[in-house]
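Student: Starting off with a structure, shown below.
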Amino acid sequence: MYFQTSYKISFADCDFLGHVNNSVFADYFLQAVVDALAPNWATSIRLTNIVIEYQMPIPLAEIMTVKLWFTGVTEVFAQFLNSSGGVSALGRLTWQSNAALDAYVESRLQPVQVPFVLKPFKVKTLDSEGKPFRWEMNVQNRDQTLSSHISPASIIHWGSEATLNSSARRGWDFHTMVDANCAVYVLRHELDVYSHPEMVWRDHVEITSYLHDVKKVRGTWRHEFTHTRTRTLIARLYITGAFVTLQGQLTIPPDGLIDACLSGDPD
């Protein structure tokens, strides 16, 4: 089954650079899936995995077109296009099997050919190179879905904040990075969802963050999210980014940055 829809970019979805924040692509993805199926199925979709690979930013005032290819009753691929038709991101989403939803999707399935291939993720293990950083978040109403579960966009946003805060905790905040002529361009989010505990306002979620894998010009952070009240592991998020200069050229990380992030929380 193939489906296409478009959305005008909201001011609230953009970061300080004037581009769509990567953390909200998951919201557009889910919205497109719900629009393709029907709104009454929104509470039946319980995610198990979402992958988004980023290729180019989409600025404010543009139209985002989302193309979907349903390849099974619990799997869909997506292509995110800017106003001129350029590919901004690619994605894949899976959810738990649900008899009623499965039957509905199967009744509409047709053979489709997905016109792209997502790169396999090679470092998804529980062995991280770095020591942990620990955080705690309060769940707000805006973080909850219609089913009172945490929205994937909130999880990705919290993981992005934890990445920045972890390096800042070890002396590498935004201004230090700018002084070193270095930034990080996010290449990929991969979110594995293990449980869907019901949340109430002001529930707490613990986040444990690790610098997971480091290569010459890129690195991956792993974030684990635990529901504090029930001690339930909610999800793991892998964020891969490339080191670039402020002029947009690939570069090696500044001296001291990697060692600092591998050190974990200060004693």
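The values are calculated or read from the model by the stated rules, or taken from the named source; none is laboratory data. Model, not experiment: these values are computed from the prediction. Just the protein is used for accessible areas: all its heavy atoms, side chains included, with ligands, DNA and RNA removed. Shrake-Rupley method; radii C 1.70, N 1.55, O 1.52, S 1.80 Å.
Student: Report the full-extension gain for the segment N141 to L164: residue separation times 0.36 nm, less the Cα-Cα distance, to one decimal in nm.
Tutor: Taking 0.36 nm per residue and subtracting the Cα distance, the gain is 5.9 nm.
Student: Under the classification rounded if a/c is under 1.5, otherwise prolate if a/b is larger than b/c and oblate if not, where does the stretch 202-267 fall, given a ≥ b ≥ c as square roots of the Cα gyration tensor eigenvalues?
Tutor: Prolate.
Student: How many angstrom lie between the C-alpha centres of the stretch 58-133 and the stretch 224-267?
Tutor: Result: 23 Å between the Cα centres.
Student: While we're on this one: What is the count of Lys pairs in the chain whose alpha carbons sit under 28 Å apart, if the two are 8 or more places apart or on different chains?
Tutor: Lysine pair count for the chain: 14.
Student: Work out how much length Q4 to S97 would gain on full extension: take 0.36 nm times their residue separation and subtract the Cα-Cα distance, in nm to one decimal.
Tutor: Computed gain between Q4 and S97 is 31.1 nm.
Student: Suppose only helical runs count, i.e. DSSP H with n ≥ 4. What mean residue ellipticity at 222 nm does that imply for the chain under -39500 (n - 2.57) per run, divided by all residues and rounded to the nearest 500 deg cm²/dmol?
Tutor: Mean residue ellipticity, 222 nm, calculated: -6000 deg cm²/dmol.
Student: Shape verdict for the stretch 165-230, please, from the Cα gyration tensor: rounded (a/c under 1.5), prolate (a/b greater than b/c) or oblate.
Tutor: Prolate.
Student: Could I ask something else about it? Step through the residues of the stretch 247-252 one at a time and calculate ³J(HN,Hα) from phi using the Karplus curve (6.51 cos²θ - 1.76 cosθ + 1.60, θ = phi - 60°), rounding each to whole Hz and writing x for Gly and Pro.
Tutor: Coupling constants for the stretch 247-252: 8, x, 8, 4, 8, 7 Hz.
Student: Per residue, how many Å² of accessible area does the chain show with a 1.4 Å probe?
Tutor: Averaged over the residues of the chain, the accessible area is 49 Å².
Student: Once the piece of chain linking I252 and Y104 is laid out straight, how much longer is it, given 0.36 nm per residue of separation minus the C-alpha distance between them?
Tutor: 48.3 nm
Student: How much of the accessible area of the chain, probe 1.4 Å, is carbon plus sulfur, in whole percent?
Tutor: 52
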